[in-house]
Amino acid sequence: ALVIGGTGPSGPYVVQGLVDRGFDTTILHSGAHEPPEIPDAVEHIHTDAYDSEKVRAEIGDRTFDVCIATYGRLRANAQVLQGKVGQFISVGGFPGYRGYMNAPLFDPPGMPIPTREDGPRIADPSEDEKGFRIARTEERLFEAQPNATHFRYPWVYGPRQPAPREWSIVRRILDGRRRIIVPDGGLSLSSFGYVENLAHAVMLAVDQPESAARQIYNAADQEVLSIAQVIEIIAKAMNHEWEIVSLPWSLAWPARPLVAQPWTTHRVVSVGKLEAELGYRDLVRPADALATTAAWLVENRPEPGGVEEMVMQDPFDYAAEDALLERWFEAIGKIEEPVWSGEEPGYTLAYSGPGGRARSNQDFK
């Protein structure tokens, strides 16, 4: 087996999965990162996966039963490996979907929920240049490897993530913050994928090559959590109590790194095809995955002002956050509920939960 990449967040789990299945495994990567989780028996080829000629020179006349390409220039490497692999599996991303990086491309703004594999993709670079390149790369991939299996990855979380969304939460807990700001109730939903779950999805294709051939799959956690739920789960895992303060998106400036786009629209994809055709189920529940991720970040803390925080663009400016909260509480403290001319607004007679319509018959037989 050949893995192009293999040292990123989900890479070691993919490599271990191949080794566990009895493959003599080789990873082709830059050599800049050497995770200790990579088994000693794995062969390393150090080269530039973005330079197809260097990849071609390193591969030479070698052939492989399976290649999993997670890194480098995918379309070029698919061409380099023409006729050299029995099964070609590749990993791309969600930004090729129309609206993923540019919600107002839809009217009203926001991707269809859930977005399936046949959902509209970026067709014009003026809409989203990166998304356009991703969509076109998928087309070139299947031209070079007609029987390929392609996985579309979401934002990945877990150990070794170079853009750790969870650090915006974990560091505030470590710094003793008693409040955290979220936009619009923190109700935004976005598909994420835990490292072990994504590697498991890829291994299902390795195990079922005939079913997976010529297919594209969304890969992500089955359960989609809101921003507020993510915050609550991490706080509970770290035994921390605080107040989640909801501000309108137009004022919730400190929450931008958690939303990761200029809108609070949802970005949710369907993994139904992966479930139905390859039998995918999460190996790790997202709540447990978040707790593990938080613990890893505590043990491997990003350097304040370092690369991870630069990528996340979170300044952790608590003085500014406190000033914003002070003004917010002062403003809403002046708002009183109006006097209604008749009955106050209700939750509709269809609602029978707490605070809703009372039972019409107190005796149930």
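Computed over the stretch 154-215, the P(r) tail beyond 15 angstrom holds 67 percent of alpha carbon pairs. When the convex hull of its Cα atoms is viewed from all sides, the stretch 110-156 shows a mean projected area of 4.2 nm². L258 exposes around 20 Å² of accessible area when a 1.4 Å probe is run over every protein chain in place. Its residue count N fixes a reference of 2.2 N^0.38 Å for the chain, and the Cα radius of gyration divided by that reference is 1.14. Looking at the stretch 115-232, the pairs of alpha carbons with a distance over 23 Å make up 47% of the total.
Which of the trypsin sites (Lys or Arg not before Pro) found in the stretch 238-326 are in a DSSP loop and have at most 15 neighbouring Cβ atoms, other than their own, within 10 Å? It would help to have the intermediate numbers written out before the result.
On the way: sites: R267, K273, R281; in loops: R281.
Here the trypsin sites (Lys or Arg not before Pro) that fit, given the DSSP loop and packing criteria, are R281.
For the stretch 183-230, the gyration tensor built on C-alpha atoms gives a prolate shape. Its axis ratio a/c (a ≥ b ≥ c) is at least 1.5, and a/b is the larger of a/b and b/c. Between R121 and R98, the built amide H atoms are under 5 Å apart, and every one of these is 5 or more places off in sequence or on another chain.
For GluC sites (Glu not before Pro), the sites in the stretch 1-69 that DSSP calls loop and that have at most 14 other Cβ atoms within 10 Å are E37. Measuring spread by the Cα atoms of the stretch 271-365 yields a radius of gyration and Dmax of 24.7, 65 Å. Hey, which lysines would be in cross-link range of K334, C-alpha to C-alpha under 28 Å, not counting anything within fewer than 8 residues on its own chain? List returned: none. Overall, the ratio between the Cα radius of gyration of the stretch 209-287 and 2.2 N^0.38 Å, rounded to two decimals, is 1.47. Please state the relative contact order of the chain as a whole percent: Cα pairs under 8 Å, 6+ residues apart? In percent, rounded to a whole number, it is 16. The accessible surface of the chain, taken with every protein chain in place and a 1.4 Å probe, is 50 percent carbon and sulfur. Scoring 344-350, 142-148, 358-364 by mean Cβ neighbours within 10 Å over their residues and listing the highest first yields 142-148, 344-350, 358-364.
What are the residues whose amide H is under 5 Å from the amide H of R152, where those residues sit 5 or more places off or on another chain and H is modelled from the backbone? Result for R152 returns G92, Y217, N218, A219.
Among the protein heavy atoms, those of Y13 account for about 70 Å² of accessible surface (1.4 Å probe, every chain in place). Computed over the stretch 179-319, the range of Cα coordinates on each principal axis works out to 57, 33, 27 Å, biggest value leading. Could you pull out the GluC sites (Glu not before Pro) across the stretch 289-365 that fall in loop regions by DSSP (anything but H, G, I, E, B) with no more than 10 other Cβ atoms inside 10 Å? Passing sites in the stretch 289-365 are E336, E343. Computed with a 1.4 Å probe over protein heavy atoms only, the accessible surface of the stretch 256-365 comes to 71 Å² per residue.
The values are calculated or read from the model by the stated rules, or taken from the named source; none is laboratory data. Model, not experiment: these values are computed from the prediction. Using ideal geometry, Cβ is built from the backbone for each residue, glycine included, and neighbour counts are taken over all protein chains shown. With ligands, DNA and RNA removed, areas are computed over all heavy atoms of the protein, side chains included. Shrake-Rupley method; radii C 1.70, N 1.55, O 1.52, S 1.80 Å.
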